[in-house]
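Since the structure comes first, as structure tokens, the remarks are kept for the end.
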Amino acid sequence: MGREIISRSVIKRLPRYYSYLEELSQEGKVRISSKELADKMKLTASQIRQDLNNFGGFGHQGYGYNISDLRQEIGAILGVDEKLKAILVGVGNIGTALATQINFQKRGFDLIGLFDVDEDIVGKEVNGIKVTHMDDLSSFCEQNKPVTAVLCIPKAAAYDVAKKLIDNGVTSFWNFSHFDLNVNFDGIVVENVHLGDSLLTLSYMTKNR
């Protein structure tokens with residue numbers, strides 16, 4: 001039997017559940033009902049139950065959800081303990097910020113390599129990781145087998161770099177290049193991030209509030 005297809009909207013809500021349950025756990029809370037969780041997250045209790053029922057439900061009638069157990073279950077669904085090997089290409093302002101400010105380990109990834117073509121950047125250490133020249137990418141991939149790449153490179157270079165990474169075994173991308181990779185590569189998992197689009201959305205919402 002094939003794996004049930006989960007809608008992208010449900011998948012995008014899972015990290016919100018996970019983060020909020022972590023906050024509740026840190027506050028010492030033990031259990032919560034779907035209604036209480038819905039009120040705090042500005043959703044409906046029905047929506048939360050439907051979302052979680054995609055993965056088995058996890059609640060108990062008359063009790064609600066055990067916060068610690070539910071957080072652990074959602075963490076397993078998200079793969080936070082997988083520690084997938086990842087590399088980052090493009091150690092400019094955005095790349096440096098991601099490498100230093102994002103806790104990859106906490107989110108299911110092990111950032112093992114940084115790459116750039118700028119000779120002024122190559123050889124420097126960022127958050128304890130030495131920046132390697134792109135010329136050494138293939139040999140690094142052959143030796144270390146990363147499966148994920150973070151792209152913080154110009155749009156014009158994105159296709160060629162992504163193709164090279166795919167040829168070297170990379171199967172998923174966190175893409176900040178403004179080039180929609182999933183349009184061009186079948187069977188590759190991509191999360192395209194458009195920061196400018198998000199800011200324009202905020203502009204619209206502010207203008208029309």
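Of the conditions (1) open to solvent by 90 Å² or more (accessible area, probe 1.4 Å); (2) over 26 Å from Gly79 (Cβ atoms); (3) free of Cβ contacts under 8 Å to residues at least 12 places away in the same chain, Lys130 fails just one. Which one is it? For Lys130, the failing item is (3). In the range 134-151, the residue that is surrounded by the fewest Cβ atoms within 10 Å (Cβ to Cβ) out of those that are in contact with a Ser or Thr (Cβ under 7 Å, 6 or more places away or on another chain) and not hydroxyl-bearing (Ser, Thr, Tyr) is Val147.
Filtering the range 50-64 to residues that are crowded, with 16+ Cβ neighbours inside 10 Å and either modelled with pLDDT of 90 or more or under 19 Å from Arg8 (Cβ atoms) (or both) leaves Asp51, Leu52.
Flag set for Ser33, criterion: among the hydroxyl-bearing types (Ser, Thr, Tyr), in contact with a Gly (Cβ under 8 Å, 6 or more places away or on another chain) and surrounded by fewer than 19 Cβ atoms within 10 Å (Cβ to Cβ).
Restricted to the range 116-127, and to residues there that are surrounded by 13 or more Cβ atoms within 10 Å (Cβ to Cβ) and part of a loop (DSSP other than H, G, I, E, B), the residue that is nearest to the chain's Cα centre (by Cα) is Asn127. Do the conditions hold for Gly113, that is, is it small (Gly, Ala, Ser) and surrounded by 15 or more Cβ atoms within 10 Å (Cβ to Cβ)? Yes. When you scan the range 187-206, do you find a residue that is over 19 Å from the mean Cα position of the chain (by Cα), loosely packed, with under 13 Cβ neighbours inside 10 Å and in a loop (DSSP other than H, G, I, E, B), even just one? The answer is no; no qualifying residue exists.
Among the candidates Ile77, Ile94, the residue that is open to solvent by 70 Å² or more (accessible area, probe 1.4 Å), β-branched (Val, Ile, Thr) and under 20 Å from the mean Cα position of the chain (by Cα) is uniquely Ile94.
Of the residues Gly169, Gly108, the single one that is on the phi > 0 side of the Ramachandran plot, open to solvent by less than 60 Å² (accessible area, probe 1.4 Å) and touching a Leu at 6+ places or on another chain (Cβ under 9 Å) is Gly108. In the range 152-176, of all residues being touching a residue at least 24 places away in the same chain (Cβ under 8 Å) and in contact with a Phe, Trp or Tyr (Cβ under 6 Å, 6 or more places away or on another chain), the one that is nearest to Ile112 (Cα to Cα) corresponds to Cys152. Counting the residues of the range 177-186 that are open to solvent by 30 Å² or more (accessible area, probe 1.4 Å) and closer than 20 Å to Asp118 by Cβ gives 2.
Let's see how each residue does on (1) over 20 Å from Ile6 (Cα atoms); (2) of a type outside the set (A, V, I, L, M, F, W, C):
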| residue | (1), (2) |
| --- | --- |
| Ala76 | no, no |
| Val80 | no, no |
| Asn103 | yes, yes |
| Asp120 | yes, yes |
| Asn127 | yes, yes |
| Met134 | yes, no |
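The values are calculated or read from the model by the stated rules, or taken from the named source; none is laboratory data. In this text the structure is predicted, and so the values were computed from the model without any measurement. Cβ coordinates were reconstructed from backbone atoms using ideal geometry, including for glycine residues, and neighbour counts include every protein chain displayed. What goes into the accessible areas is simple: the full protein's heavy atoms, side chains included, and nothing from ligands, DNA or RNA. Shrake-Rupley method; radii C 1.70, N 1.55, O 1.52, S 1.80 Å.
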